[in-house]
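As structure tokens, the structure follows; a few thoughts come after it.
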Amino acid sequence: MDKLNAMSAFIHVVEQQSFTKAAQILNLPRSTLTDAIKQLETQLNTRLLFRTTRQVRPTDEGQIYYERCKYILSYINESDHDFLHAKPQGTLKIEVHGIFASHFILPKLRDFLSEFPQIQLQLTESDRYVDVIKEGIDCVIRIGQLNNSELIVRHLGNIQQVTLASPRYLQQYGTPHHLDALKSHIMVGFYSTARQKNLPLEFMVEGELKNYDLPFMIQVNGAHTYSAAAKQHFGLIQVPRYGHVDELAQGVLCEVLPHYPVPSLPVSLLYPSKTLVSPRQKVFIEWIVQLFKRYPLG
């Protein structure tokens with residue numbers, strides 16, 4: 001059995017959790033599949049499957065190989081469709097912050113899906129840095145500074161940030177009008193799982209970045225909880241303005257130190273490979289880049 005067919009056989013065994021069921025689907029002898037998997041394990045010099053009398057399941061290495069086999073075979077199949085002028089199809093998995101998606105992407109997403117109706121879009125969100133290859137994610141939209149990465153990066157724009165606090169907090173601690181006044185204030189602590197540290201408040205002063213690591217009563221590691229803590233009067237926060245327009249209009253939160261700008265946050269699109277981009281990835285990348293050219297984040 002050649003390598004691609006062996007990879008396909010391996011995928012079926014993992015998904016069916018059975019050599020027998022996979023053999024029935026592929027209309028092949030069970031022994032043929034067993035020999036193919038053994039050959040893969042020999043070539044890779046690693047064990048891909050745990051075998052019991054009742055079930056077959058992948059090892060950790062087998063799970064990684066399964067995801068990569070699916071990606072490779074999916075790319076080959078979609079490339080064939082592409083050369084036959086078929087529209088891109090299949091599931092496209094995008095990792096993106098939920099508030100950002102609901103504000104900037106979802107209102108325009110129907111246009112993309114109308115143009116490519118055979119693509120099913122799966123949006124996932126997390127406050128951690130995901131392993132794009134291992135978790136089978138096609139594209140990631142990240143907000144903020146990036147760690148060193150081997151992923152391809154496309155810059156989409158920058159998001160304006162503001163410093164906010166609740167009216168009750170400002171009644172208790174006073175409204176700061178200059179940065180020296182922050183000595184008598186507290187902030188809501190935000191622990192970044194990506195940077196493995198608590199983030200200070202940041203301000204630009206005459207082109208220079210100034211950090212203020214204020215004391216805090218509570219520390220959080222999620223964007224929603226961070227804003228919620230400010231509404232409950234636990235301290236100052238720095239957040240994207242777009243996500244807090246309603247709170248500002250309703251007076252639930254107030255902007256403070258408006259003459260001291262907060263550094264903007266870069267927004268980036270990341271994906272695994274410049275040469276092995278599937279047709280569905282390609283059209284989404286082109287669409288999202290053009291979307292933010294037409295509607296700048298600002």
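Taking the condition of being over 18 Å from the mean Cα position of the chain (by Cα) and basic (Lys, Arg), how many residues in the range 144-193 meet it?
Number of matching residues: 2.
Taking the stated definitions as given, is LEU40 more than 20 Å from ILE288 (Cα to Cα) and open to solvent by less than 30 Å² (accessible area, probe 1.4 Å)? If you could, list the steps in order and put the result at the bottom.
Details: more than 20 Å from ILE288 (Cα to Cα): yes; open to solvent by less than 30 Å² (accessible area, probe 1.4 Å): yes.
So LEU40 fits the description; yes.
Residues that are under 30 Å from ILE143 (Cα atoms): which strands (runs of 3 or more DSSP E) entirely in the range 49-115 hold 3 or more of them?
The strands (runs of 3 or more DSSP E) meeting that bar are 90-96.
Only one of ILE99, ILE72, ILE105, ILE25 is in the same structural domain as ILE143 (by the TED database), β-branched (Val, Ile, Thr), open to solvent by 60 Å² or more (accessible area, probe 1.4 Å) and on the phi < 0 side of the Ramachandran plot. Can you tell me which?
Values: ILE72 fails: in the same structural domain as ILE143 (by the TED database); ILE105 fails: open to solvent by 60 Å² or more (accessible area, probe 1.4 Å); ILE25 fails: in the same structural domain as ILE143 (by the TED database).
Answer to the selection: ILE99.
Suppose the filter is within 18 Å of VAL140 (Cα to Cα), open to solvent by 20 Å² or more (accessible area, probe 1.4 Å) and either within 22 Å of the chain's Cα centre (by Cα) or in contact (Cβ under 8 Å) with a residue 24 or more places away in the chain (or both); does VAL267 pass it?
No.
The values are calculated or read from the model by the stated rules, or taken from the named source; none is laboratory data. On a predicted model such as this, the values are computed, not experimentally measured, just so you know. Because the Cβ atoms are built from the backbone with ideal geometry, glycine has one as well, and the counts that use them run over all protein chains shown. Ligands, DNA and RNA are stripped out before the accessible areas are found, and what is left, the full protein with its side chains, is counted by its heavy atoms. Shrake-Rupley method; radii C 1.70, N 1.55, O 1.52, S 1.80 Å.
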